[in-house]
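**Student:** First, the structure itself, so that you have it in front of you.
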Amino acid sequence: MDKIIIEGGRPLYGEVKISGAKNAALPLITATLLTPGWHVLHNVPDLRDTRTILALLESLGLVWERQGSTLRINSAGLIGFEASYELVKTMRASVLVLGPLLARLGRARVSLPGGCAIGARPIDFHLQGFKQMGAILTLEQGYVDAQVTGRLRGATIYFDIPSVTGTENILMAAATADGTTVIKNAAREPEVGNLVEMLTAMGARIEGSGTDRLVVHGVSDLQPAEVTTIPDRIEAGTYLIAAGAAGGDVTLTNCNPSHLPALLEKLRVIGFTIEEGAGTIRISRPPPVAGQGGVPLRSVDIKTQPYPGFATDLQAQIMALMTMTSGLSVITETIFENRFMHVAELKRMGADIRVDGHSAIIKGNGRLKGAQVMATDLRASASLVVAGLAAEGVTEISRIYHLERGYENLVDKLANLGAVIRKEKA
């Protein structure tokens with residue numbers, strides 16, 4: 001099993017290009033199931049998760065080809081309606097095939113999803129929505145079996161909690177439903193907007209993009225589309241936090257500053273200089289001067305919330321940064337109940353963190369030490385990288401397959417910024 005070795009204490013300088021968003025690319029790829037023909041998707045990252053969803057589509061009869069970051073997918077040969085456990089177990093987003101398969105074939109059999117162990121993340125929202133649209137659902141032997149006679153029917157669907165994948169699944173199912181579907185308390189994330197852009201290019205009629213109320217007027221037919229995946233705001237946020245923790249001066253390119261309002265505001269309060277441009281973000285902080293220290297970083301409190309609030313996918317990374325501040329920080333996790341598993345590993349590196357229910361209290365001391373640590377999930381892995389870059393000495397991170405699910409060429413990108421980092425076989 002591979003591991004990452006980081007020799008910390010080096011400030012980062014230069015430019016880093018942000019890849020396409022994993023969490024946008026996955027629903028765009030599954031949306032190709034809705035109608036036959038060649039679809040073209042640009043700016044698609046080559047990740048473990050994108051390769052998994054493509055393998056799933058292959059198992060259903062689709063063919064695809066990649067040239068650089070462009071994917072061409074032909075869904076004309078769709079022959080299957082079952083997403084097996086072997087393919088779904090490693091990635092919860094696999095459940096996104098449920099809506100388009102049900103819409104196109106009237107049948108879908110999908111294994112209950114797996115993925116990172118950060119909480120239950122039930123798919124009840126998806127299933128209740130499909131029931132309201134006329135689908136008959138059965139749960140047996142770990143599979144969801146959904147069937148509908150004829151077309152799905154438009155319905156008014158309310159989410160108790162905004163669900164990104166739930167919103168996306170219902171959007172795809174509703175695109176060709178008979179009548180109008182209204183999704184209330186819909187997720188507002190930019191990734192949902194990217195899917196609306198693709199569905200619209202395919203001929204869907206959708207109102208309310210970017211709001212919590214989406215109205216879908218079902219159409220009888222869709223056609224293949226060409227669309228560009230938005231930049232990955234979580235990858236961008238991770239590099240901003242990493243640059244902040246290590247010190248230096250880093251510019252992100254191919255990114256969208258408007259997708260990170262909460263993080264950029266917090267970074268400014270902490271004490272970093274943030275400059276937003278057209279598709280760029282620059283973060284700078286002078287490194288400490290030997291014998292004099294540097295400008296102390298201010299602690300901030302964080303509460304994760306649905307977009308446009310502070311993203312839960314950046315909570316672990318900002319926690320690593322908070323260990324470098326001069327005060328007390330409280331981070332409250334409201335989205336996933338098990339998302340503090342990185343705390344134990346950060347404490348191995350000298351962090352002073354206490355967990356109290358859904359909150360973590362961090363006493364900043366700026367004295368992280370390199371250690372052997374283990375990744376527990378995708379974003380926890382990123383927090384250990386942030387900590388390793390800032391720590392004194394050598395940090396060894398094992399179980400990095402989590403990182404490879406969501407970060408494209410992370411080691412090379414950080415090395416190009418001046419980090420002393422390498423990947424090794426364990």
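**Student:** Scan (1) surrounded by 17 or more Cβ atoms within 10 Å (Cβ to Cβ); (2) under 17 Å from the mean Cα position of the chain (by Cα) for the single condition Gly309 breaks and write down its number.
**Tutor:** Failing condition for Gly309: (1).
**Student:** Report, by residue number, each residue of region 56-93 that is among the small types (Gly, Ala, Ser) and within 17 Å of Arg109 (Cβ to Cβ).
**Tutor:** Step one: list which residues in region 56-93 are among the small types (Gly, Ala, Ser), which gives 59, 61, 68-69, 75-77, 80, 83-84, 93.
Residues satisfying the conditions are Ser59, Gly61, Gly80, Ala83, Ser84.
**Student:** Tell me, yes or no, whether region 214-224 has at least one residue that is surrounded by 23 or more Cβ atoms within 10 Å (Cβ to Cβ) and over 28 Å from Ala380 (Cβ atoms).
**Tutor:** yes
**Student:** Considering only region 239-279, how many residues are more than 29 Å from Ser326 (Cβ to Cβ), outside any loop (DSSP other than H, G, I, E, B) and either in contact (Cβ under 8 Å) with a residue 40 or more places away in the chain or outside the structural domain of Ser383 (by TED's automatic domain parsing) (or both)?
**Tutor:** 2
**Student:** Working carefully through the options Ala236, Ala201, Ala186, Ala175, find the one that is in contact (Cβ under 8 Å) with a residue 60 or more places away in the chain and more than 30 Å from Gly9 (Cα to Cα).
**Tutor:** Values: Ala236 fails: more than 30 Å from Gly9 (Cα to Cα); Ala201 fails: in contact (Cβ under 8 Å) with a residue 60 or more places away in the chain; Ala186 fails: in contact (Cβ under 8 Å) with a residue 60 or more places away in the chain.
Criteria check complete, one pass: Ala175.
**Student:** I'm checking my understanding of the structure. Among residues of region 328-355 that are among the small types (Gly, Ala, Ser) and either in contact with a helix residue (DSSP H, G or I) (Cβ under 6 Å, 6 or more places away or on another chain) or closer than 17 Å to Ala382 by Cβ (or both), which one is surrounded by the fewest Cβ atoms within 10 Å (Cβ to Cβ)? Before the answer, list the steps.
**Tutor:** Start the filter on region 328-355 by keeping residues that are among the small types (Gly, Ala, Ser), which leaves 329, 344, 350-351.
Checking the rest, the ones that are also either in contact with a helix residue (DSSP H, G or I) (Cβ under 6 Å, 6 or more places away or on another chain) or closer than 17 Å to Ala382 by Cβ (or both) come to 329, 344, 351.
Values: Ser329: 22, Ala344: 15, Ala351: 25.
Only one residue fits best here, namely Ala344.
**Student:** Also, quick follow-up: Hey, could you check region 75-92 for residues that are closer than 22 Å to Tyr407 by Cα and surrounded by fewer than 23 Cβ atoms within 10 Å (Cβ to Cβ) and say which is farthest from the chain's Cα centre (by Cα)?
**Tutor:** Here the answer is Leu87.
**Student:** Which ranges mark the strands (runs of 3 or more DSSP E) fully within region 122-218 that have 3 or more residues being of a type outside the set (A, V, I, L, M)? Steps first, please.
**Tutor:** On the way: elements: 136-140, 143-147, 156-158, 180-184, 205-207, 213-217.
Strands (runs of 3 or more DSSP E) meeting the threshold: 143-147, 180-184.
**Student:** Would you confirm, using the coordinates I've provided, whether Arg72 is touching a strand residue (DSSP E or B) at 6+ places or on another chain (Cβ under 8 Å) and under 24 Å from Gly406 (Cα atoms)?
**Tutor:** yes
**Student:** Can you tell me which residue among Ala76, Ala55, Ala103 is part of a loop (DSSP other than H, G, I, E, B), of a type in the set (A, V, I, L, M, F, W, C) and either out of contact with any helix residue (DSSP H, G or I) (no Cβ under 8 Å at 6 or more places or on another chain) or more than 27 Å from Ile241 (Cα to Cα) (or both)?
**Tutor:** Ala76
**Student:** Exactly one condition in (1) without any contact (Cβ under 8 Å) to a residue 60 or more places away in the chain; (2) out of contact with any Leu (no Cβ under 6 Å at 6 or more places or on another chain); (3) buried (at least 24 other Cβ atoms within 10 Å of the Cβ); (4) not polar (S, T, N, Q) is not met by His358; state its number.
**Tutor:** It fails just one condition, (3).
**Student:** Since Val411 meets every condition but one in (1) under 21 Å from the mean Cα position of the chain (by Cα); (2) assigned to a loop (DSSP other than H, G, I, E, B); (3) surrounded by fewer than 24 Cβ atoms within 10 Å (Cβ to Cβ), which condition does it not meet?
**Tutor:** It fails just one condition, (2).
Every residue, every condition in (1) in contact with a strand residue (DSSP E or B) (Cβ under 7 Å, 6 or more places away or on another chain); (2) β-branched (Val, Ile, Thr); (3) modelled with pLDDT under 95, yes or no:
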position: Arg121; (1), (2), (3): no, no, yes
position: Met133; (1), (2), (3): yes, no, no
position: Glu140; (1), (2), (3): no, no, yes
position: Thr167; (1), (2), (3): yes, yes, no
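**Student:** When both residues are 6+ apart or on different chains and their Cβ atoms are under 6 Å apart, which pairs have a first residue that lies in region 312-340 and is under 13 Å from Ala387 (Cα atoms), and a second that is buried (at least 22 other Cβ atoms within 10 Å of the Cβ) and of a type in the set (D, E, K, R)?
**Tutor:** Ala316/Arg379
**Student:** Looking at the structure I just gave you, is Glu7 of a type in the set (D, E, K, R) and under 19 Å from Leu96 (Cβ atoms)?
**Tutor:** no
**Student:** Among the numbered criteria (1) over 26 Å from the mean Cα position of the chain (by Cα); (2) free of Cβ contacts under 8 Å to residues at least 60 places away in the same chain, which single criterion is violated by Thr167?
**Tutor:** Condition (1) is where Thr167 drops out.
**Student:** If you take the residues in region 55-71 that are under 22 Å from the mean Cα position of the chain (by Cα) and surrounded by fewer than 19 Cβ atoms within 10 Å (Cβ to Cβ), which one is modelled with the lowest pLDDT?
**Tutor:** Ala55
**Student:** Let me ask something else about it. Kindly list the number of the only condition in (1) among the polar types (S, T, N, Q); (2) out of contact with any Gly (no Cβ under 6 Å at 6 or more places or on another chain); (3) in contact (Cβ under 8 Å) with a residue 12 or more places away in the chain that fails for Thr229.
**Tutor:** Result: Thr229 passes all but (2).
**Student:** Among the residues of region 316-331, which ones are assigned to a strand (DSSP E or B) and either at pLDDT below 95 or over 24 Å from the mean Cα position of the chain (by Cα) (or both)?
**Tutor:** The answer is Leu328, Ser329.
**Student:** Could you grab me the full set of residues in region 27-47 that are crowded, with 24+ Cβ neighbours inside 10 Å and out of contact with any Lys or Arg (no Cβ under 9 Å at 6 or more places or on another chain)?
**Tutor:** Of all residues in region 27-47, those crowded, with 24+ Cβ neighbours inside 10 Å come to 27-34, 39, 41, 44.
Across region 27-47, the qualifying residues are Pro27, Leu28, Ile29, Thr30, Ala31, Thr32.
**Student:** Something else: Being within 23 Å of the chain's Cα centre (by Cα), under 22 Å from Thr325 (Cα atoms) and in contact (Cβ under 8 Å) with a residue 12 or more places away in the chain is true for just one of Ala380, Ala391, Ala419, Ala375. Which residue is that?
**Tutor:** Sole residue among the options that is within 23 Å of the chain's Cα centre (by Cα), under 22 Å from Thr325 (Cα atoms) and in contact (Cβ under 8 Å) with a residue 12 or more places away in the chain: Ala380.
The values are calculated or read from the model by the stated rules, or taken from the named source; none is laboratory data. Since the structure is predicted, the reported quantities are computational estimates derived from the model, not experimental observations. Positions of Cβ are generated from backbone atoms using ideal geometry, with glycine treated the same way; all protein chains shown enter the neighbour counts.
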